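The structure appears below as C-alpha cells.
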Amino acid sequence: MCTPAQASVSAASLVVTVFLSSLVTLPCACAQNTDATLAPAASTASVQPALRVEGSPAGFEADPKEAIAVNDLRAQALVLDRIGALYFAHGSPAEALKDFQQVLSIVRKLDEHTAEATALSDIGAASFALGHNDEALDAFKQALPIWHRLGNANREAAILGDIGEVFRALNDQDEALHFDQKALPLYEMAGNRNGQATLLNNMGLVYYASKDKKKALDAFQKAREIYHSGMNLSGEANALNNIGGTYNAFGETQKALDPFQQALAIQRQLGDRKAEATTLNNMGTAYSHLGDARHALELYRQAEPAFRAAGDVAGAETVARNIEQMYADGRYRSSLGEKPKEHE
C-alpha cells in the first residue's frame, strides 16, 4: 500500500475554507516506480481577519487622519481595522499586521474586550500568513481566554481551530488534533456546521497521517455528510477526494474510484479547474495502481492542461512526471504504444 501524505488545513478565525494545496510523492509497494500524486484534499491554510470589506486600502487613507484630528479613538480603530482587512485581502499581510497592531493598542486603552479579542485574532491571522508561527500562536492564545469569558462559543472554537492550524504548520499533529477536538463541541453549541465539517476534515487528516484508516475515513465521511446537508459543494468535493485518497493510500484502490468520480462531477459543476485537475491526477494514479495504464494515461492527459489553465505549473509538472513514469514502466509499454514527442 502507499504511505499517506500530509496536507495542511485551516479552521479560519471567522471564515473556514477548504482546498487542496500540497504536492507529495507516494512510494507504492506494488511497483518499483513512484507515482507523484497530490495529497488528499484538505482545507487551505486560510486564517482570515474578522472584517470582510470591499475596495482598496487607498480609498480609506484620509479617514484615520480625520479621526485623529477630532481625537476619536473608536473611529480610528474602526478605520484602521478596515484598512488592515483590505491590505490582507489584497495580499499584503505585513501592512495589515501594522494596522491590526495599532487597533489593538487603541482598543486596550478603551477597555473594549470584544474589539481586543478581534484585534488579537486578526494579528494572529496576519502573522500566520507571514509564516510567523510563534507570533501567531501567541496572539491566538491571548485571544482565546477573552472569547471564552465573553461566552462567544463560535469565536472561541474558531481560535482553537486556528491554534490547531499553527501546530499543523509546525508539524505537531498531536497538538493540532488536541485543539481541533476542543473546538468541535463549541462549534456544535454555536450551530456552526461548516466549522464542524472543517474540523472533522482536519482531524481526518491527522488520523490519515498516523495511518489510522478507520478513524480517518470516519472523520472524512462525517465531514462530507455535513457539507452535503449544508449544500457546501466545494467542501463536499474535498471531503470526497479525501475519502478516495485514503482508500487509495491504504491499498483499497477500487473503493477510491467512486468518491473520486463524485468529487470530479462537483468540481466540474463549480468550474474549479485546479481541484478538477487534482482529482483527475489522483484518479489516474488509482488506475495506474490497478494496472489500467490506458485509462490512467487518459486521465493524466486531462489533468495536465487543466493545471496549466489554472496557472498551477507545479501541478502540471507533477502530472508530466506521472506520464513519464508510465512510459518508463515496462509493465505498461505494450499497452501505451509510442511515447508522444512532448514527453521525449
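The values are calculated or read from the model by the stated rules, or taken from the named source; none is laboratory data. What you are looking at is a predicted structure, and each value in this text was computed from that prediction instead of being measured. Please note: Cβ atoms are built from the backbone with ideal geometry, for glycine as well, and neighbour counts cover all protein chains shown. Surface accessibility is based on the protein's heavy atoms, side chains included, excluding ligands, DNA and RNA. Shrake-Rupley method; radii C 1.70, N 1.55, O 1.52, S 1.80 Å.
Tyr227 meets all of the listed conditions (1) open to solvent by less than 20 Å² (accessible area, probe 1.4 Å); (2) at pLDDT below 95; (3) hydroxyl-bearing (Ser, Thr, Tyr) but one, namely (2). Quick check: anything in the stretch 74-95 closer than 22 Å to Phe179 by Cβ, open to solvent by 20 Å² or more (accessible area, probe 1.4 Å) and outside any helix (DSSP H, G or I)? No: the stretch 74-95 contains no residue that is closer than 22 Å to Phe179 by Cβ, open to solvent by 20 Å² or more (accessible area, probe 1.4 Å) and outside any helix (DSSP H, G or I).
Note on the stretch 273-306: among residues that are closer than 24 Å to Leu233 by Cβ and out of contact with any Leu (no Cβ under 9 Å at 6 or more places or on another chain), the one that is most open to solvent (accessible area, probe 1.4 Å) is Arg273. Among the residues of the stretch 143-156, the one identified as surrounded by 24 or more Cβ atoms within 10 Å (Cβ to Cβ), under 19 Å from Arg193 (Cβ atoms) and without any contact (Cβ under 8 Å) to a residue 60 or more places away in the chain is Glu156. For the stretch 107-116, the criterion of being modelled with pLDDT under 95, open to solvent by 20 Å² or more (accessible area, probe 1.4 Å) and within 15 Å of the chain's Cα centre (by Cα) is met by none of the residues. So is Phe179 modelled with pLDDT of 95 or more and under 24 Å from Ala89 (Cα atoms) or not? Against the criterion (modelled with pLDDT of 95 or more and under 24 Å from Ala89 (Cα atoms)), Phe179 does not qualify. Being open to solvent by 50 Å² or more (accessible area, probe 1.4 Å), of a type outside the set (Lys, Arg) and farther than 27 Å from Lys213 by Cβ, is that true of even one residue in the stretch 253-265? No: the stretch 253-265 contains no residue that is open to solvent by 50 Å² or more (accessible area, probe 1.4 Å), of a type outside the set (Lys, Arg) and farther than 27 Å from Lys213 by Cβ. Going by what's in this entry, would Phe140 be described as without any contact (Cβ under 8 Å) to a residue 40 or more places away in the chain, open to solvent by less than 30 Å² (accessible area, probe 1.4 Å) and in contact with a Gly (Cβ under 6 Å, 6 or more places away or on another chain)? In short, yes. In summary, Arg321 fulfils each of the numbered conditions (1) open to solvent by 30 Å² or more (accessible area, probe 1.4 Å); (2) of a type outside the set (Gly, Ala, Ser); (3) free of Cβ contacts under 8 Å to residues at least 60 places away in the same chain; (4) over 22 Å from Leu233 (Cβ atoms) with the single exception of condition (3).
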